[in-house]
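In what follows, a single structure is set out as structure tokens and then discussed.
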Amino acid sequence: MSEESKSLNFIEHIIEEDLTNGMSKDDLRFRFPPEPNGYLHIGHTKAIGISFGLGERYNAPVNLRFDDTNPAKEEQEYVDAIKEDISWLGYTWSKELYSSDYFQQLYDWAVYLIKEGKAYVDSQSSQAMAEQKGTPTQPGVDGPYRNRSIAENLELFQKMKNGECEEGSHVLRARIDMKHTNMLMRDPLMYRVLKKHHHRTGNDWCIYPMYDWTHGESDYLERISHSLCSLEFKPHRELYDWFLDQVVASDTIRPKQREFARLNLSYTIMSKRKLLKLVEDNIVSGWDDPRMPTISGLRRRGYTPNAIRKFVETVGVAKRDNVIDVALLEFCIREDLNKTAPRVMAVLDPVKLVITNYPEGKEEWLEAENNQEDDSAGFRKVPFSRELYIERDDFKEQASSNYFRLTLGKEVRLKNAYIIKGERVVKDAAGNITEIHCTYTEDTSKKVKGTLHWVSIKHAIKAEVREYDRLFMDESPDAHPEKDFMEFLNPESLKIITAYVEPSLKDAKIGERYQFQRLGYFNVDKDSSAEKLMFNKTVGLRDSWAKESQSVGSGEKQSEKQSKAQNNQPQRKAIDIIQQLGKKYTNLPEEKQLKTKAEIQEHAKNVSYDDLHPWFNTAAKKVGTRIATMITLRVLLEQGLDKNEDINTFVASGLEDTNEALVTESKNISRL
RNA sequence: UGGCCUAUGGUGUAAUUGGUAACACGUUUGUUUUUGGUGCAAAAGAGUCUAGGUUCGAGACCUAGUGGGCCAACCA
């Protein structure tokens, strides 16, 4: 129900319109066409979500078609990885297809185009052709081979196919218009000679079709109704349609290309080429390094298909460039894991805590809830003893009142255990705290502000924990024409630490996700073993204390923080306040208008003519703003400002307006 | 000296031309809590880039301007 009432994006609108214009629902068919030259990343997930999502919505088939027309860059490894990623996301494709399946048909059509005089073999260097092509602002010129005879074209194309030509010696081009305003229409290449082994067709072919020639015809062969791609293909649409015009029969479904804005994520890069560089330069451990924005990286990091799908659904689909805040991705994974991840205790930065009044050698196994968000999650036992590890951050010798973790003389709760009171600290020669001594009470009913997590030293298991930070320190490392994205690499994107975890984690399986209480979500890395547990930090918990202590650290006072929060208004200029009051002026009932007018007049006393002057140009339809300006102007005039031409013009325009209030205010001034 | 696309709170998306421009994230506040998490409640923040036009009525349509993006690979 709620699904149906959800608003449609522009692609869904197009489909709905096609449906009401007579297209049958049964003719709906989509495709996802990755090139197998790299791993899928979070940006692809958007394209996947759109096409497969449409398939689910309309119960229509979605083909997985590998766009494998360039044997130089494409590999089986990538095909396998792409299939795994799509499946993992939970999508099912209708048919697994390859553009290379259509090489023969494409070839036959190309011959047909030559015979129709719509394609020709060009035998120039790529440089010569580029020169003839012109620029976006200058038309191209015809090349010397453009009017080759059909017979000669046929013969040469045959030779190209038979492997009798060297790479680079000839190409087949569509014969369209070298002066076209769209560069792509200036006799685009259809085929090039490439004597390379292809991952599927082996050495069958010496010529390979180009993207534009291949894509639309492949869509047509598969009877794709809506061919959805990202915005940079918009100029290709004209060519896509031209190629279709040559072959489409009037009684068949003609695919429609439509374009949406690709996904950009702050602090990350999406270019496959650049991601490949990170892999090749060993900046990361591989395509599935948990810092990578690849699907395999996110999977290894601990993200769930659910979270990623929710994310893609939330960012929406439109045509303007966008940068999505990583905070939204993090929100999605937290939201999912909060409901599903079992809670455990782990200490990442340990300091020893000794409970002096707890008997030496005693141990207890206390009951702990696995997940309070999930009633079916049950309970487990955690061992307690005299000597524990707690987080170094959870103790301060001297602390302000808003610190409600452990200090000397104060009580805090140990999660799932007792209440303790800090008594004294033991330090080494350098002054570092080596032990904290405390006493405990078994009365757990007391109200205390803070609760700490802990592990019993005797029972704790050592584990390697990998904490990740963003790979880049710039919000859009990609977007600086003057700077290479590698300059923004974060040298501290990976921190490997030794942590102590509760013994229940001994048999944790690869891939399992946990919440380390009060810290964040972690999953068991694929390199983990019974001898050496390894965890990846997926994402931290929200931490309002970190935020607050940071703002205190930066010298921001509590009062400053509050005043900043309060409407952001205290420091605003009088003229700005007046404009805001003006905006709402015409919507107010008369009584309130009077009140607002008085307010404006009050603020007007602090306005200079220079501040006010620009507002004389306010658009005619913004009546409220003009009224406010008029009221303010009157105050200034009454304070002794002389009238000038600009003022007279402004007042005259007010007198001519249809709004009564504005006319009244204008009259008030013209009488002065 | 071009063509095409685009412009709505900080971010991302909505809004059969008609009620006070909605939702999510983020921010702030209060509250609950054996996680400074979660939940719950609330607040702040936009007259929709600018100027004209069409219309009884424009965020939406038209024109111009401005800003941003894309287009000159034998890549996809």
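Label zone (residue A:252, point 7 Å along Cα-to-C-beta; backbone nitrogen cut-off 14 Å) within region A:9-52: none.
Distance from the Cα centroid of region A:636-672 to that of region A:90-163 is 70 Å (rounded to whole angstrom). Our estimate of slack between residue A:87 and residue A:400, defined as 0.36 nm per intervening residue step minus the Cα-Cα distance, is 107.5 nm.
Ligands, DNA and RNA are left out, and with a 1.4 angstrom probe the accessible area of region A:624-672 is 49 Å² per residue. Each peptide among A:493-506, A:35-48, A:271-284 gets the average number of other Cβ atoms lying within 10 Å of its residues, and from highest to lowest they stand as A:35-48, A:493-506, A:271-284. Ligands, DNA and RNA are left out, and with a 1.4 angstrom probe the accessible area of region A:18-260 is 42 Å² per residue.
Summing Lys and Arg as +1 and Asp and Glu as -1 over all other residues whose Cβ lies under 14 Å from the Cβ of residue A:254 gives a net charge of -3. Of the peptides A:470-476, A:536-542, A:359-365, A:15-21, the ranking by mean beta-carbon count within 10 Å, highest at the top, reads A:536-542, A:470-476, A:15-21, A:359-365. Extension gain for residue A:273 to residue A:379 (0.36 nm times residue separation, less C-alpha to C-alpha distance): 33.4 nm. What separates the Cα centres of region A:179-206 and region A:71-87 is a distance of 21 Å. If R0 equals 45 Å, the separation of the Cβ atoms of residue A:19 and residue A:366 corresponds to a calculated FRET efficiency of about 0.15.
Would you work out the charge dipole size for chain A about its Cα centre, treating the Cβ of every Lys and Arg as +1 and the Cβ of every Asp and Glu as -1, and quote it to the nearest 20 debye?
Numbers: 97 positive and 108 negative charges, 295 e Å.
Dipole magnitude for chain A comes out near 1420 debye.
Projecting the Cα atoms of A:357, A:511, A:403 onto the dipole axis of region A:342-544, where Lys and Arg carry +1 and Asp and Glu carry -1 at the beta carbon, places A:357 farthest toward the positive end.
Estimated purely from DSSP H runs of n ≥ 4, each contributing -39500 (n - 2.57), the mean residue ellipticity at 222 nm for chain A is -10500 deg cm²/dmol once divided by its residues. Among the GluC sites (Glu not before Pro) in region A:92-141, those located in a DSSP loop and surrounded by at most 13 other Cβ atoms within 10 Å of their own Cβ are A:116. Rg/Rh, computed from the Cα trace of chain A with Rh as the Kirkwood radius, has the value 1.09. The length gained on full extension between residue A:131 and residue A:659, counted as 0.36 nm times the residue separation minus their Cα-Cα distance, comes to 184.0 nm.
Count the lysine pairs in region A:251-388 whose Cα atoms lie under 30 Å apart, taking only pairs 8 or more positions apart in sequence or on different chains. Lysine pairs satisfying the spacing and distance rule in region A:251-388 number 15.
The distance separating the Cα centre of region A:331-405 from that of region A:19-37 comes to 52 Å. Taking the 1.4 Å solvent-accessible surface of chain A as the whole, the part contributed by carbon and sulfur is 46%. Relative contact order of region A:18-260: 19 percent, from C-alpha pairs under 8 Å at least 6 residues apart in sequence.
Residues of region A:495-511 with the amide nitrogen closer than 18 Å to a label point 7 Å from the Cα of residue A:526, along Cα-to-Cβ, please. From region A:495-511, the list is A:509-511. Using only alpha-carbon positions in region A:388-485, the gyration tensor eigenvalues give semi-axes of 38, 17, 16 Å once each is multiplied by 5 and square-rooted (largest first).
The values are calculated or read from the model by the stated rules, or taken from the named source; none is laboratory data. Computed from a predicted model, the values in this text were never measured in an experiment. Virtual Cβ from ideal backbone geometry, glycine too; neighbours counted across all protein chains shown. These accessible areas exclude ligands, DNA and RNA; they are computed on the full protein's heavy atoms, side chains included. Shrake-Rupley method; radii C 1.70, N 1.55, O 1.52, S 1.80 Å.
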